[in-house]
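Written below as structure tokens is the structure these notes are about.
No lab work stands behind these numbers, since they all come straight from the coordinates. What you see is a predicted model, and the numbers here were worked out from it, not measured in a lab. Virtual Cβ from ideal backbone geometry, glycine too; neighbours counted across all protein chains shown.
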Ligand code: ADP
Ligand code: MG
């Protein structure tokens, strides 16, 4: 579903690549965990899948990254929106509406779907993520875990086959993180969604992973 062929990213004026060369294949319906310390290139790698890198960040992508057969260098993020959904660390940064239900509907607006289809997808997503009781709530009044579930829901209404998440539990306490991870597990098992998730707290998520993609720590050279 996702392939990296000698994929590497460099930014201008940097001394080395932001993403070291990656060769990997992530099969459909698997949960792949992307692990590495801060600065290892996790967000950069996720960006090559969603198309944000290099289209929005600058820099140069060498090699090839494909999602559902589409080369992300020749497809901008909006040309990938029907296959890849992206969720970041801070859900509040992405919300554009005020209530849960509106936010779920907003995720589909650019797809030009008939109103009946949009309504059905909102209902399905509320059920899938256990958000039914929260549907009319202002997003600002929700807990961190609930907000992150809404953020995931707002990309799921577009029915992406791939979900990319950048440290989605990093701002959450352990019970809220469990809540979000349980949802991801359900997506993989029930819908066959392919999930690629960056995480630096391995112990939290390793039990859910089918594959681990490890980005090495940058070499440090000390002069005593
Ligand atoms: P991680 O998510 O693992 O912390 P990043 O992918 O954010 O790592 O960053 C990898 C490296 O690329 C870091 O050295 C970072 O400073 C650099 N970098 C990330 N984004 C940019 C950018 N837009 N321009 C220049 N350098 C960047
Ligand atoms: Mg990052």
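When Rg is the radius of gyration of the Cα atoms in the stretch 122-224 and Rh is its Kirkwood radius, what does Rg/Rh come to?
Working: Rg = 16.0 Å, Rh = 15.1 Å.
Across the stretch 122-224, the Cα-based Rg/Rh ratio is 1.06.
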**Complete:** Computed over the chain: longest principal axis from alpha-carbon atoms vs helix 144-156 long axis, angle to nearest 10 degrees, is 90
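So for the chain: antiparallel DSSP bridges make up what percent, rounded to the nearest 5? Mind dumping the intermediate values first?
Values: 15 of 32 bridges.
Percentage antiparallel, nearest 5: 45.
Using the per-residue mean of other Cβ atoms lying within 10 Å as a proxy for protection, in what order, highest first, do the peptides 138-150, 202-214, 17-29 fall?
In descending order of packing, they fall as 138-150, 17-29, 202-214.
Explain nothing, just the number: relative contact order of the chain, from Cα pairs under 8 Å at least 6 residues apart, as a whole percent. Intermediate values should be presented prior to the final figure.
Details: 418 pairs, mean separation 67.2, N = 224.
Relative CO of the chain lands at 30 percent.
Averaging over all projection directions, find the projected area of the Cα convex hull of the stretch 1-126 and quote it in nm² with one decimal place. Before the final figure, lay out each step's value.
Details: hull surface 36.1 nm².
Dividing the Cα hull surface by four gives the mean projection, 9.0 nm².
222 nm [θ] for the chain, helices only, -39500 (n - 2.57) per DSSP H run of 4+, per residue, to 500?
Roughly -8500 deg cm²/dmol at 222 nm, from the helical runs in the chain.
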**Message:** On the principal axes of its Cα set, how long, how wide and how thick is the stretch 64-114? Give whole Å, largest value first.
**Reply:** 39, 31, 13
**Request:** Please report how far the C-alpha centroid of the stretch 147-222 lies from that of the stretch 1-42, rounded to the nearest whole angstrom.
**Result:** 16
**Asked** If the viscosity is 1.002 mPa s and the temperature 20 °C, what translational diffusion coefficient in µm²/s does Stokes-Einstein give for the chain when Rh comes from Kirkwood over Cα pairs?
**Response** 119
**Request:** Please determine, in degrees from 0 to 90 and to the nearest 10, the orientation of helix 115-128 with respect to the longest principal axis defined by the Cα atoms of the chain, where the helix direction is its Cα long axis.
**Result:** 70
